[in-house]
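Have a look at the structure below, then the notes.
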Amino acid sequence: NAGVIQTPRHKVTGKGQEATLWCEPISGHSAVFWYRQTIVQGLEFLTYFRNQAPIDDSGMPKERFSAQMPNQSHSTLKIQSTQPQDSAVYLCASSFISAETLYFGSGTRLTVL
Amino acid sequence: GQQVQQSPASLVLQEGENAELQCNFSTSLNSMQWFYQRPGGSLVSLFYNPSGTKHSGRLTSTTVIKERRSSLHISSSQTTDSGTYLCALGGTNAYKVIFGKGTHLHVLP
C-alpha cells in the first residue's frame, strides 16, 4: 500500500498562472478530502468527495478554485489565476468511511511568486 | 469562535519527562483524531478516538464527550517525539473534520 500519493511535491507559479495539483487516494477508500495548511491559518478544510461525488466544497474560494474526481483513483485541485496568498501546502487525505481515520499524502507545496 | 482549541500552544520538555496535551471543543462530536506532524512532513494518524481511552506504546488518548475535551499523554518523552501534535474534530457534519492549531513540542536531550 503506497499510501495517498500527491504530485507534484513542489510547484512554483507566477502570479496569474494556473496550478493543478493531483491526488491518488488509497485504493478502496471512498472518501477524499482536500486541505490547505499555512502557518497563520493552520489546516483549513477545502472540499470533500464521497464515492467520487462532490459533497461539500464550502471551504473553497469560489472564484478561482475548483476540484474534481473523475474516477476513483484520482482527484485534482485546480487554482486559476494564482495569487501570492494561495501559497500554502495543499494536503489530500482519504479514508474508508468519512470521518474515520484520515490518511494524508505528503502534500504539494505551492509557491506563487 | 474557534471550535477546536489546543493547549498549550508550545511545550519544551527534557527527555524523559511526561507531556499532557489538551484539546477542547465547543461543538457536538462525532469523531476525534490525533495526528503528529514533523516539520515539513505530512500528518500521521496517532489515534482515532471518539470516546474513552486508547493506548499505543508511550501514548494514551482520552476523550470525554460530556466535558468536551480530549487529551494526549506522552510518557517518557524522547527527542524523536518533537514536532506538532494536532487534534481534529468531526462535528455535526462528521466528514468535515476541523483541526486545532496544534501543540508544538520540543524535547531536549
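Every read-out reported here was derived from the displayed coordinates using simple, explicitly stated rules and does not represent laboratory data. Remember, predicted model here, so these are calculated numbers, not experimental data. With ideal geometry, Cβ positions are generated from the backbone for all residues, glycine too; neighbour counts draw on all protein chains shown.
Are there strands (runs of 3 or more DSSP E) fully within segment B:1-83 with at least 3 residues that are polar (S, T, N, Q)? List them. Working first, answer last.
Working: elements: B:4-7, B:10-14, B:19-25, B:31-37, B:43-48, B:52-56, B:59-64, B:69-74.
Correct list: B:4-7, B:31-37, B:59-64.
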- [ ] Among the residues of segment B:68-93, write down those that are touching a Ser or Thr at 6+ places or on another chain (Cβ under 6 Å) and among the small types (G, A, S).
- [x] B:S70, B:S71, B:G90, B:G91
- [ ] Would you mind telling me which numbered condition in (1) assigned to a strand (DSSP E or B); (2) surrounded by fewer than 18 Cβ atoms within 10 Å (Cβ to Cβ); (3) facing chain B (nearest Cβ under 9 Å) A:T76 fails?
- [x] (3)
Task: Residues that are hydrophobic (A, V, I, L, M, F, W, C) and within 20 Å of B:I98 (Cβ to Cβ), drawn from segment A:97-113 - done: A:I97, A:A99, A:L102, A:F104
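A quick yes/no check of all residues on (1) surrounded by 14 or more Cβ atoms within 10 Å (Cβ to Cβ); (2) free of Cβ contacts under 8 Å to residues at least 24 places away in the same chain:
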| residue | (1), (2) |
| --- | --- |
| A:N51 | no, yes |
| A:D57 | yes, yes |
| A:E63 | no, yes |
| A:N71 | no, yes |
| A:Y90 | yes, no |
| A:F104 | yes, no |
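Would you point out the residue of segment A:26-57, among those that are farther than 25 Å from A:D86 by Cβ, outside any strand (DSSP E or B) and out of contact with any Phe, Trp or Tyr (no Cβ under 8 Å at 6 or more places or on another chain), that is nearest to the other protein chains (Cβ to nearest Cβ)?
First, the residues of segment A:26-57 that are farther than 25 Å from A:D86 by Cβ: A:26-30, A:50-53.
Of the ones still in play, those that are also outside any strand (DSSP E or B) are A:26-30, A:51-52.
Next cut, out of contact with any Phe, Trp or Tyr (no Cβ under 8 Å at 6 or more places or on another chain) only: A:27, A:51-52.
Details: A:S27: 18, A:N51: 12, A:Q52: 14 Å.
Among those residues, the one meeting the criterion is A:N51.
Only one of A:T101, A:T111 is under 23 Å from B:G41 (Cα atoms), assigned to a strand (DSSP E or B) and over 13 Å from the mean Cα position of the chain (by Cα). Can you tell me which? Lay out the reasoning, then the answer.
Values: A:T101 fails: assigned to a strand (DSSP E or B).
After applying the criteria, what remains is A:T111.
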- [ ] Test each condition in (1) in contact with a Ser or Thr (Cβ under 6 Å, 6 or more places away or on another chain); (2) of a type in the set (F, W, Y); (3) farther than 30 Å from B:S51 by Cβ for A:F65 and report the one that comes out false.
- [x] (1)
Task: Residues being part of a loop (DSSP other than H, G, I, E, B) and buried (at least 19 other Cβ atoms within 10 Å of the Cβ) - total across segment B:84-100 - done: 4
